[in-house]
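**Q** What follows is a structure written as structure tokens; I'll ask about it next.
The values are calculated or read from the model by the stated rules, or taken from the named source; none is laboratory data. From a predicted model like this one, the values you see are computed outputs, not experimental measurements. With ideal geometry, Cβ positions are generated from the backbone for all residues, glycine too; neighbour counts draw on all protein chains shown. SASA here: full protein model, heavy atoms, side chains in, ligands and nucleic acids out. Shrake-Rupley method; radii C 1.70, N 1.55, O 1.52, S 1.80 Å.
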Amino acid sequence: VSFPTIQAARNFINSYCQPSDENCTKPFVAQPYASNYLLIDSFSRLINKAARIALPIAVTIAAIIIWITMARVIIDSRRETAVFRAIGAKRRDIASIYLVYSMMVALLITIFMLALGFIIALVINHLYGPQATDIAKVAYGSFDNVQPFSFVRVNLLLLGALVLCIFAVSFAATIPPLIRNVRRSPIRDMRDDG
């Protein structure tokens, strides 16, 4: 039996007994045969579910790391900030310096992330691409004019969202320590540092 969609095949199989279900009272047993579409679809759903859980955790950890880093940088520069304020720099001028610094850190993170991700994808593609192509040929029964399987693909929408997320997390993590710093008295900072 063949089906027009993966969901139709899944619904058909779920409406009958599974081979592992010994207590099933339905008259037929259904299971996939000669195709890995359902297995690939299940694996894809599992990866997407794991990514939905892992991404917020990774973003939270990155925000905490950037927050701690920027707080440390701002604390170490209190004397310089106090001197700038004492000679007439406005709070927004000082804030803009740290925000530009934060965006420079986000840019370096983005460049490093893109380079590392691309290198890892190329290595994986070189090691496992030909083997994945052979497995796909056998799994789908197609041996003529098959495009090689590739682990390297650029999704500009997803990549743009990831870069935007890095800059947003960097910006948001810089704001709390920055607000505390520009509200402090420059005289007290100079006296405490001296």
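**Q** Residues ASP76, ASP93: which one is loosely packed, with under 14 Cβ neighbours inside 10 Å and modelled with pLDDT under 85?
**A** Result of the check over ASP76, ASP93: ASP76.
**Q** Are there any pairs, at least 6 apart or on different chains, whose C-beta atoms fall under 6 Å, with the first in region 106-134 and in contact (Cβ under 8 Å) with a residue 40 or more places away in the chain and the second open to solvent by less than 90 Å² (accessible area, probe 1.4 Å), and if so, which?
**A** ALA106/ILE166; ALA106/PHE167; ALA106/SER170; ILE109/ILE166; THR110/VAL163; THR110/ILE166
**Q** Something else now. May I ask you to list the residues in region 96-105 that are open to solvent by less than 90 Å² (accessible area, probe 1.4 Å) and either farther than 14 Å from PHE171 by Cβ or free of Cβ contacts under 8 Å to residues at least 60 places away in the same chain (or both)?
**A** Correct list: SER96, VAL100.
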